[in-house]
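Engineer: Would you mind keeping the following structure in view while I ask a few things?
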Amino acid sequence: MKIPQNIKVAVDAVVFGYEQKELSVLLIKRGVQPFKGSWALPGGLVLENESLEDAVQRELAEETGVTIDYLEQLYTFGKPGRDPRNRVVSVTYFGLVSPNNFKISADTDADEAQWFSISKLPELAFDHDTILKTALRRLQNKINYQPIGFELLNNEFPFSDLENLYQTILNRKIDRRNFRKKILSFGILTETDKIYQPSSGRPAKLFKFNDEKYKELEENGFHFEIKFA
């Protein structure tokens, strides 16, 4: 029996940023209907001869001016009615960047592109609120089996910056002593001979990521049970 089907495939990107102890997400203001003038995740339909990976990179670059070497596939959203125009299935991706590394610029279907704090989000178009919450949960869970921070911190940083990054993503205070002991045991940080002098407080040693060990743990995964304060 032939089953009639008219389903379109789209991609959407959840790009998280981290700056000054704040987690943010990159959004675009839609320039076309439906939801014209509303904020949404960057994304759009996949072209006929285009891979999903190429499509999400293209849409992200066109609508925000941001390019990311690697975006991780998150989930496929296909609930009927999620797009009022057609039956659309969206394959979503997410990634991490440092916002100050990019100059964002909107084009094509987007009127504006802007970073928004996770704690101060506007109302989102389509089912993008659900997509964003799913991506945030994935990021929070990912901390327990894969080291993060390489893309978000300076090349050299005080250990407190890594603590603040984890606390910001988890939105909870962590047991700092336990966290330091476990992170250092994985060998992903190398202590430098440089000292960081904050405007207030005691000076602190600077660390940098051990690229080889970091990539090894990224590929193989690790189990890191975080204790909270």
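The values are calculated or read from the model by the stated rules, or taken from the named source; none is laboratory data. It should be emphasised that the depicted structure is a prediction, and the values quoted were computed from it without experimental measurement. Here the Cβ is made from the backbone with ideal geometry for all residues, glycine too, and neighbour counts use every protein chain on show. Accessible surface is based on the protein model in full, side chains and every heavy atom, while ligands, DNA and RNA are left aside. Shrake-Rupley method; radii C 1.70, N 1.55, O 1.52, S 1.80 Å.
Engineer: Taking 0.36 nm per residue of separation and subtracting the Cα-Cα distance, what length does fully extending SER200 through GLU22 add?
Structural biologist: 62.1 nm
Engineer: Also, quick follow-up: With every protein chain kept in place and ligands, DNA and RNA left out, what is the accessible area per residue of the chain? Probe 1.4 Å, answer in Å².
Structural biologist: On the way: 13190 Å² over 229 residues.
For the chain, the per-residue accessible area is 58 Å².
Engineer: How much accessible area does ARG180 have with a 1.4 Å probe, in Å² rounded to the nearest 10?
Structural biologist: So the heavy atoms of ARG180 present about 100 Å² to solvent.
Engineer: So which aspartates and glutamates pass the test for LYS8, namely a Cα distance under 19 Å, with those fewer than 8 places away in the same chain ruled out?
Structural biologist: Within reach: GLU48, GLU50, GLU53, ASP54, GLU59, ASP83, ASP109, ASP127.
Engineer: Roughly how many percent of the accessible protein surface of the chain is carbon and sulfur, given a 1.4 Å probe and a whole-percent answer? Working shown, then result.
Structural biologist: Working: 5920 of 13190 Å².
The value for the chain is 45 percent carbon and sulfur by accessible area.
Engineer: Here's another thing I want to ask about it. Rg to Rh ratio, segment 80-229, alpha-carbon atoms and Kirkwood radius? Could you put the intermediate results ahead of the total?
Structural biologist: Values: Rg = 18.7 Å, Rh = 18.2 Å.
Rounded to two decimals, Rg over Rh is 1.03.
Engineer: Rg/Rh for segment 54-145: what does it come to with C-alpha atoms and Rh from Kirkwood? Let's see the in-between values first.
Structural biologist: Working: Rg = 14.0 Å, Rh = 14.7 Å.
Dividing the radius of gyration by the Kirkwood radius yields 0.95.
Engineer: In straight Cα distance, which aspartates and glutamates are under 14 Å from LYS120, not counting same-chain residues fewer than 8 positions off?
Structural biologist: By straight Cα distance, LYS120 reaches GLU22, ASP129.
Engineer: Let me check I've understood the local charge: for GLU212, count other residues with C-beta under 13 angstrom from its C-beta, Lys and Arg +1, Asp and Glu -1. What total comes out? Mind dumping the intermediate values first?
Structural biologist: Working: positive: LYS208, LYS213, LYS215; negative: ASP211, GLU216, GLU218, GLU219.
Result for the neighbourhood of GLU212: -1.
Engineer: Taking the Cα centre of each part, how many Å lie between segment 1-46 and segment 81-145?
Structural biologist: What the calculation gives is 6 Å, centre to centre.
Engineer: Taking a cut-off of 14 Å, what percent of all Cα-Cα pairs in segment 6-47 are separated by more than that? Intermediate values should be presented prior to the final figure.
Structural biologist: Numbers: 503 of 861 pairs.
Every Cα pair in segment 6-47 considered, those over 14 Å come to 58 percent.
Engineer: Out of residues 5 or more away from PHE222 or on other chains, whose amide H comes under 5 Å of its own, with H placed 1.01 Å from N in the peptide plane?
Structural biologist: The list, which skips near neighbours in sequence, is GLN146.
Engineer: Let me ask something else about it. What do you reckon, how do ASP12, ASP111 stack up by accessible area (1.4 Å probe), largest on top?
Structural biologist: On the way: ASP12 10, ASP111 100 Å².
Solvent-accessible surface, decreasing: ASP111, ASP12.
Engineer: Please report the relative contact order for segment 137-227, taking Cα pairs under 8 Å with a sequence separation of at least 6, and give it as a percent rounded to a whole number. Working shown, then result.
Structural biologist: Details: 100 pairs, mean separation 37.0, N = 91.
In percent, rounded to a whole number, it is 41.
Engineer: Setting aside same-chain residues fewer than 8 positions from LYS181, which lysines have a Cα under 29 Å from its Cα?
Structural biologist: LYS21, LYS142, LYS173, LYS194, LYS205, LYS208, LYS213, LYS215, LYS227
Engineer: A further question follows. Binning at 10 Å from 0, report for segment 1-102 what percent of all alpha-carbon pair distances ends up in each bin.
Structural biologist: 14, 44, 30, 9, 2, 0
Engineer: Helix 159-170: angle to the longest alpha-carbon principal axis of the chain, degrees 0 to 90, nearest 10?
Structural biologist: The helix 159-170 is inclined about 30 degrees to the chain.
Engineer: What figure, in Å² to the nearest 10, do you get for the accessible area of LYS194 with a 1.4 Å probe and non-protein molecules left out?
Structural biologist: 100
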